[in-house]
Each structure stands twice: as structure tokens, then as C-alpha cells.
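Scroll down for the structure; my scribbles are underneath it.
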2 protein chains.
Amino acid sequence: MMSETILRGLRERDPRGIARAISLVEENDPMADEILSSLDDSLVDQAMVLGITGPPGAGKSTLTDRIISRYRSLGKRVGVIAVDPSSPISGGAILGDRIRMMGHALDKDVVVRSMATRGRLGGLCAAAGAAVRILAGSGCSVIIIETVGVGQSEMDIIRLADITALVLAPGLGDDIQAMKAGLLEVADILIVNKADCAGAETLAMDMESIAREGGKEKDRVNVCMTVASEGRGTDELLAAIETVDISHRETGERRTRREKAYDLEVLDWALEMIKPSIIEKIEKWDHVRKGAPRLQAARLLGQE
Amino acid sequence: MMSETILRGLRERDPRGIARAISLVEENDPMADEILSSLDDSLVDQAMVLGITGPPGAGKSTLTDRIISRYRSLGKRVGVIAVDPSSPISGGAILGDRIRMMGHALDKDVVVRSMATRGRLGGLCAAAGAAVRILAGSGCSVIIIETVGVGQSEMDIIRLADITALVLAPGLGDDIQAMKAGLLEVADILIVNKADCAGAETLAMDMESIAREGGKEKDRVNVCMTVASEGRGTDELLAAIETVDISHRETGERRTRREKAYDLEVLDWALEMIKPSIIEKIEKWDHVRKGAPRLQAARLLGQE
């Protein structure tokens, strides 16, 4: 498929064209740059990018499904990038497939793309950023990035979002506690899902107090209670998202985040472009693997 | 504290010296290189580095605690690097602290260091690698790296280990499914913890079949059933670890992994050394944030 064909496919919202365009990015194909350069930047500017993160078991996928349905009922075309911790070799695309199966399979205005975090050619952040652009270019006015919010690179992806919602649920165990603090820092909206389960109120209070300790002003902590399995709380959540969106537009926060996100993508690409030459140098280099690796790196780069 | 004092502290197994040395690495202090260069390489070579990974809620910390106790009863000094997904700003060190509290607090031959994945100056892989060296240099013959096995950088850390054990438990929900495939590829030993719970046998069979599909030969799939809360299965697990260790030494796999791990650290340091100059370039660069970020990166690097 030529880039012109793919670009027409994007304009015509052809699922195959969209899938092909994102694959080109993932394959580091130079044609991807042509496509990304030819996209309508105003569509990218206008789209709202919503990050949904949280630990496994919090109900992110079910909640995402509810959010998709709600935006669809408002007539919006929705793109979903499901960042999938599994490998492309032996399983990938499971989260994405699951969402697809959950009721939007026949809806051409819901475009789901899953991205594996492992076995990648390029940087995850760079690829996800490109996918956001492509989805926006194909007319998606809402783009959801869903990640299991744990790893370092997953946190970087969340920085691509205009608005970030952190989903937690009661009863997820102790490890979750350790994650919360880090995630709360980046969240604009805190969602307590499974709000009908024991411990939900305590969790909500807990989250509010951690968020405040982390330096957030009280009026910036938005806590939403949801029961995604029954669709409860989705309206309130969408209202909260809209409130944050308006506030971010008014204060300039939205623009600031977009600029930071763009530069993060540039950095990610730059590092990816430099990486192969360093790997090649290391492979060709007859070095003794002893002592401080940083000194070896300095020697390698000639910065000794 | 001067590097000579710190080095003496390491030799004398002084907890403050060890803590200071790892902090110097995390702070990118040049003194860290002096210390790392002066360590006894044979201690680093001899230590066994065991990676323990798995999703939140699988019981990794309890199991790690059991493994520590067992190695302690064999007279071994044990180091633990707990990679903590929370942030150092508002909470960090929770996993590490928890392990410390669990019965080894007064034991000077159990050294626990937690490392946050976020808000870092340097690369996580580089820092964890240095911590392994420092712990080995302070006489730890077993070094456990515990991570929540989800993110990309966390997977890289696991590549620092000589032997990797993946801990799963029944009833952790659907998201876990998505992680398993990717994690199984790197695991030498599969642990089904909470083996007294419903679904444990099914999970064990499931894991074996995914591992085999992923290309592992049947005789290389080691599945251990444990109930860490009661200490059940720990002996069998240690036996499995020893079997894998002996096999890796005989086949040369251990040496191969060590060399790869070393080069991975060098790569991580090299990228970290290059990163600030790229960030500075991006910051100083009067660029229009539109179009393909990869082209902007190429322009920035002069590779257009």
C-alpha cells in the first residue's frame, strides 16, 4: 500500500488503512514519516487524549468500554490505544482484543489498537504518540490510552495524555499500595471502581489524602466512584473529565502538556535513532566486562 | 564519606557504607565509579543473582521472605533489591520496607535496598546493576532482584539476573493473563504460589502449556507449587533454583547471560550519558511542534 492510499484510507476512516499506518510506525518504516507529516494537524490539536491507568484487576477495560459507549452516544468517534504488557511473540494484543469483543466490534467509529511493550523495534512512547496522531487524523475526537500503570515506560506514555484518570478498586492487595503514590502524582481524576465493594469509601479517602500529601491542592483532586460492571458513575466521570478539560484549556495547561508530550516523543525518537549505533559499537568492541560499567560507557563514547 | 571509607564499609559489611555506595550510584556521583572499579570482581562473579518477578498480589514479597530465610539458614548472606513502582517523592521504598519488617530487620546479613522506577536521575537498569555489584562486594552470595514484572524497564532489569523465577497465583483476574505470555519467555522457573487455593492446578497446567508454546522445551519448564504464607514448597523451590544454576554453569548459559547483562548496563549508561545533551538541544531548539516527531528528531541530530 502506498502512503497516498493509506492517507486516503485515514481520511475515509478505513480500518485497514489505519491499522496499516500504525504498523508502519511500529516497523520503523520511512513511509510512516510521510503519513505523519501529511496529517491534518488541526485534527490532532482538537482531539482529546485521555489516559486511563491503574493496576491489573481494577477494572480498567470494563470502565474504558463504558466510557467508549458514552462518547459514542454523543456522536464522537473514539480511538483506543491499549498498551499491552504481553509480548507480541507469544500472545500479544490480548487487552485490545478483549475491548474489541466487548460490544464495539461492529462499530466502525471505535478503533482499537493494542501495542505491546516488549519486543519492539522503536520506543513505546514514540509509537504511541504516532498512533494518537494517526487516530486523530482518521477523525477520532476522543483518544483513550489505556495502560497498566506500573512500569517506567508506561508512565511516560501517560504523559502523552491531556487528561489522566487513575483507576483503583478496593481489595487489590498490598502491592497496589506501593503503586498508588507514584500514580496519584500524574492523575487528574481518581476513580474508585467497584465502588459497591467493601473498602471503597476508605480507599477514596486514602487516595484523597495521598494526593493532597503529594502536593495537589484540594480542589484539584477529583474523585469519582464507579461500578463499571453496571455502568454506574459513568455520567459523573464524563462530567469530571469535561471539567478538567475546560480548566486545562483555560489555564494553558493543555498546551503545556501537549508541548511537553511532543518533545518527549522527539527525545524518544532521538534516543531510538542513536541506540543502534551504540549497540553496534558495544558488539564490535573487544572489552573486558569488569569494573564500573559507566566508565566503560564513557570509554565507548570517547568521553573518558 | 570518602570512597576509601565506603569501600572499607563494604568490606566490613557496614549497612551505612552499603547504603551510601548505592546512593552515590543513584545520584550519579563520580565517586560511585571509583567504588565500583575497586570492588573485588571475583565476589561479583561468584554471587548468584536471582530475579523474582510477577504481578501484584501473587505473593512475591512473602515468598522472597521465605527464600531469604532458607538461604540464611544455609549461612549465606543475602542482598535484596526491591524495584518499587512507586515514586521517591511521595512514598517510595514501600516494598523494601515491608520486606525489612518481615523478620529480617535485626539480621545484618540481610541487606535490603529498594529502588524506585520513577523520578530517577540515571537508568534503572544501570543503577540496579551497580547495586548488584555493591551487594556482592559486601559479601552477599545470593542477591535477589524483586520486581513487579510489567513494564519495559522492569523486564530489562530481570535480564540482569542469572536465574529468573516468575510468581503467579490463582484468581488474579484477566489482566494477569495478558502478562503471563511475555513473562514466561524470560522465566527459568514458574512458581504457582497460593497453591492451596482453587485454580492452582489449572494455572500450573496453563503456564506449562504457554511456556511450551513459547518455544521452551518440556524439560526446561520448571514449575514449583508453593504456599509462601505457610512456607510450603520453599525447599523444592531452592532445589529447582540449584538445578537451574548448575545447568546454566555447565552449559555456559550463566556466562552468556552475565556478558549480555554487562553490555546492557553499558548501553543503559551510554544512553543516560547522551540523554541530557539531547534534552538540552530540544529545550534550546526553536522548533514547531507539528508533523512527524521522528523527522524532528532526525533534524535535531543532523541526520536529516
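The values are calculated or read from the model by the stated rules, or taken from the named source; none is laboratory data. Quantities reported herein were computed from a predicted structural model and do not represent experimental measurements. As a convention, Cβ positions derive from the backbone with ideal geometry for all residues, glycine included, and neighbour counts pool all protein chains shown.
Looking across the range B:5-32, the residues that are more than 19 Å from B:ILE143 (Cβ to Cβ) and either polar (S, T, N, Q) or crowded, with 20+ Cβ neighbours inside 10 Å (or both) come down to B:THR5, B:ASN28.
Restricting attention to the range B:279-297 and to residues that are within 7 Å of chain A (Cβ to nearest Cβ) and surrounded by fewer than 20 Cβ atoms within 10 Å (Cβ to Cβ), the residue that is nearest to A:ILE282 (Cα to Cα) turns out to be B:ILE279. Do the conditions hold for A:ASP188, that is, is it surrounded by fewer than 20 Cβ atoms within 10 Å (Cβ to Cβ), out of contact with any Cys (no Cβ under 8 Å at 6 or more places or on another chain) and over 26 Å from B:ILE278 (Cα atoms)? Here the answer is no, as A:ASP188 does not meet what is asked. Residues that are at pLDDT below 65, more than 15 Å from the chain's Cα centre (by Cα) and either at the interface with chain B (Cβ under 10 Å from one of its Cβ atoms) or surrounded by fewer than 23 Cβ atoms within 10 Å (Cβ to Cβ) (or both): does the range A:122-145 have at least one? Yes: one or more hits.
Restricted to the range B:51-64, and to residues there that are in a helix (DSSP H, G or I) and modelled with pLDDT of 90 or more, the residue that is farthest from B:HIS104 (Cα to Cα) is B:LEU63. Have a look at B:VAL244, B:VAL221, B:VAL266 and point out the one that is facing chain A (nearest Cβ under 8 Å) and among the β-branched types (Val, Ile, Thr). Every option except B:VAL266 fails the conditions.
Residues of the range A:249-263 that are in contact with a helix residue (DSSP H, G or I) (Cβ under 6 Å, 6 or more places away or on another chain) and facing chain B (nearest Cβ under 8 Å): A:ASP263 alone. Candidates A:ALA211, A:ALA270, A:ALA239, A:ALA204: the one that is in a helix (DSSP H, G or I), free of Cβ contacts under 8 Å to residues at least 60 places away in the same chain and more than 30 Å from A:VAL167 (Cα to Cα) is A:ALA270. Among the residues of the range B:223-237, just one is closer than 17 Å to B:ALA204 by Cα and exposed (fewer than 15 other Cβ atoms within 10 Å of the Cβ), namely B:GLU236.
Results for (1) at pLDDT below 75; (2) touching a Pro at 6+ places or on another chain (Cβ under 7 Å), shown as yes or no for each residue.
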site: A:VAL148; (1), (2): yes, yes
site: A:GLN152; (1), (2): yes, no
site: A:ILE157; (1), (2): no, no
site: A:ALA161; (1), (2): no, no
site: A:THR164; (1), (2): no, no
site: A:ALA169; (1), (2): no, no
site: A:ASP174; (1), (2): yes, no
site: A:ALA178; (1), (2): yes, yes
site: A:LEU183; (1), (2): yes, no
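Across the range A:37-58, the qualifying residues are those that are in contact with a Lys or Arg (Cβ under 7 Å, 6 or more places away or on another chain) and crowded, with 24+ Cβ neighbours inside 10 Å, and the one among them that is nearest to A:ASP235 (Cα to Cα) is A:ILE52.
Table: residues versus (1) assigned to a helix (DSSP H, G or I); (2) within 11 Å of chain B (Cβ to nearest Cβ).
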| position | (1), (2) |
| --- | --- |
| A:LEU7 | yes, no |
| A:ARG16 | yes, no |
| A:ALA19 | yes, no |
| A:SER23 | yes, no |
| A:ASP29 | no, yes |
| A:GLU34 | yes, yes |
| A:SER37 | yes, yes |
| A:SER42 | yes, yes |
| A:ASP45 | yes, yes |
